[in-house]
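K.L.:
Sharing a structure here in structure tokens format.
Quick note: the coordinates plus some simple rules give every number you see, no bench work behind them. What you see is a predicted model; the values in this text were computed from it and never measured. Cβ: placed from backbone, ideal geometry, glycine included. Neighbour counts: every protein chain shown.
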Amino acid sequence: MPRGRAELQERFRAGFLGLAIGDALGFPVRGIPPAGLRRLPDLADAFAPRPRGRFPQGQWSDDTQLALLAAEAIAAGGGVDGRRFGQGLSAAAVEGTLVQPARAVAESAARLQRGVPWMSAGEGLGVRDASVMSRGLAVGLFEGDPRRLGRHAGVLAVVTHKEPTCAAACAAFARAVAATLSGEAASPELLCTAMASSAAEHDPALGEELRHLPRLLSWEVERATELIRRVGVSAAAIGDDGGLPEHPWPVLLLGTYAALRLPHDFRKAMATVLRWGGEADAAAAVAGALLGVSQGEACLPPRLRRHVLHAERLIDAADALLEARLAREAHPAAG
């Protein structure tokens, strides 16, 4: 655990900034197959000047927006509350601040606006996509007790996804964040075992895949990442373009792999993810958050740190979430 309030604040901020930077680097290449990225050098060195042809430099996607909404809901209520998170999601959809949201997110937000209760608004069983994971950052930073973490991740996941494997991926990411912050993750094996434990509360099969992940760290990167992008996904879902599928398993595994394989080189970790295209923004967000929480703001390239969009809101959300955690720890009976 970081020593002192100042160091803890830095890790909270770096987690949100790292997530947003990874997301913003991946946003312009989302959906592009790897073959289309080979002629684009230095994907991790700078933000595209006009991502997707119409957005400002440093724009991030709905992945960062959902992480912010989760943090702001927790800070406002002093705890994890699906109703409050659903209200924030509905308001963001009305305001038009969700940037190209996944279908599950857009449909769930529409149901919330029609008055459907938060626990019933999510997409049904079988709908699996990586948009569910980023809210796990807020859960992992706020909740230090692994006995509650899996349940809290499930509460936020179900607002948009009823599929258990989506809750499992959100819980695993939240546990990775919490274990990295606390120092529980002293090795890749310990980190992945902790992630597997939280994932297994919702989907034991994802837990098994996470336990195997450290073995791939000794493989050549191309071979390891080619295997990772296929985990849990049918051949039809992978398609012919070779990109990273939208299924949460390969996205979570690739982002975690990159952070573990290159823990002291943010740019190379990002490049390892971005070269796959597809759902690279979500995977880069996972890697960026884990590196930020682990290493602090010093690991974030200064140019990217300066130009990521709405950095002030990211920092404010991180600070408010820290205050909520400290208040809950000071009065545990209230949590």
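K.L.:
Using the Cα atoms of the stretch 1-137 to build a convex hull, what is its mean projected area in square nanometres? Provide the component values of the computation, followed by the final result.
P.N.:
Working: hull surface 42.7 nm².
With the hull built on Cα positions only, its mean projection is 10.7 nm².
K.L.:
Working out 0.36 nm times the residue gap between HIS331 and ARG83, then minus their Cα-Cα distance, what length gain in nm do you get to one decimal?
P.N.:
Numbers: separation 248, 0.36 × 248 = 89.28 nm, distance 2.28 nm.
Extending this stretch completely gives an extra 87.0 nm.
K.L.:
Of (i) 0.89; (ii) 1.74; (iii) 0.95, which one was derived for Cα Rg over 2.2 N^0.38 Å from the structure shown?
P.N.:
So the structure-derived entry is (i).
K.L.:
Mind checking the stretch 145-243 for GluC sites (Glu not before Pro) that DSSP puts in a loop (not H, G, I, E or B) and that have at most 13 other Cβ atoms within 10 Å? Write out the running numbers ahead of the final one.
P.N.:
Values: sites: GLU184, GLU189, GLU201, GLU208, GLU209, GLU220, GLU222, GLU226; in loops: GLU184, GLU201, GLU220.
Of the GluC sites (Glu not before Pro), the ones in loops of the stretch 145-243 whose Cβ has at most 13 other Cβ atoms within 10 Å are GLU220.
K.L.:
Which trypsin sites (Lys or Arg not before Pro) in the stretch 83-142 sit in a loop by DSSP (not H, G, I, E or B) and have at most 12 other Cβ atoms within 10 Å of their own Cβ?
P.N.:
Those satisfying the criteria are ARG114.
K.L.:
Between the alpha-carbon centers of the stretch 1-80 and the stretch 282-335, tell me the distance in whole angstrom.
P.N.:
About 11 Å separates the Cα centre of the stretch 1-80 from the one of the stretch 282-335.
K.L.:
With runs of 4+ DSSP H residues as the only contributors, calculate the mean residue ellipticity of the chain at 222 nm using -39,500 (n - 2.57) per run, divided by the residue total and rounded to the nearest 500. List each step's numbers first, then the result.
P.N.:
On the way: 16 runs with 201 residues, N = 335.
That comes out to -19000 deg cm²/dmol.
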